[in-house]
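Here, each number is a calculation from the coordinates, and none is a lab measurement. Nothing here was measured: the structure is a model prediction, and the numbers come from that model. Cβ placement follows ideal geometry from the backbone for every residue including glycine, while neighbour counts extend to all protein chains displayed.
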Amino acid sequence: MQRLFAQKIYSEADTETKQRNNSNEQTDQALIRMDDWELKPEVQLQVDKLMAEMNADNFRQVGDYAGYKSAFLALNGFGLSSVDYTQPVDIEELSKLAP
């Protein structure tokens, strides 16, 4: 979020530079693209190298499988260290909660 506001929306760049940057960094729907770092040619070259060497036997070592899995689980409310998953859940009490 900080980068979105500091570099994409409220940057110190002059108007001509902003217009040039925005034309390259916005989609057809005028959405600001935040994946410009990931799409840099040197980054994509490194990704291509890693993907070429990755296989079913080494994906845990070559990629960040553990980090991806942890982030995915946490995003969906699982794998959180602050939750005791062995405790029973009262579905009746949960059904009384309002969104």
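Taking chymotrypsin sites (Phe, Trp or Tyr not before Pro) across the stretch 31-99, the ones in a DSSP loop with at most 12 further Cβ atoms lying within 10 angstrom of their Cβ are Trp37, Phe78, Tyr85.
For the stretch 37-79, the residues whose backbone nitrogen is under 18 Å from a point 7 Å from the Cα of Leu97, taken along Cα to Cβ, are 73-79. Highest mean packing first, where packing is the average number of other Cβ atoms within 10 Å per residue, the peptides 92-98, 28-34 line up as 28-34, 92-98.
Remark: spin-label model distance Tyr10-Ala71 equals 2.6 nm, labels positioned 7 Å along the Cα→Cβ axis.
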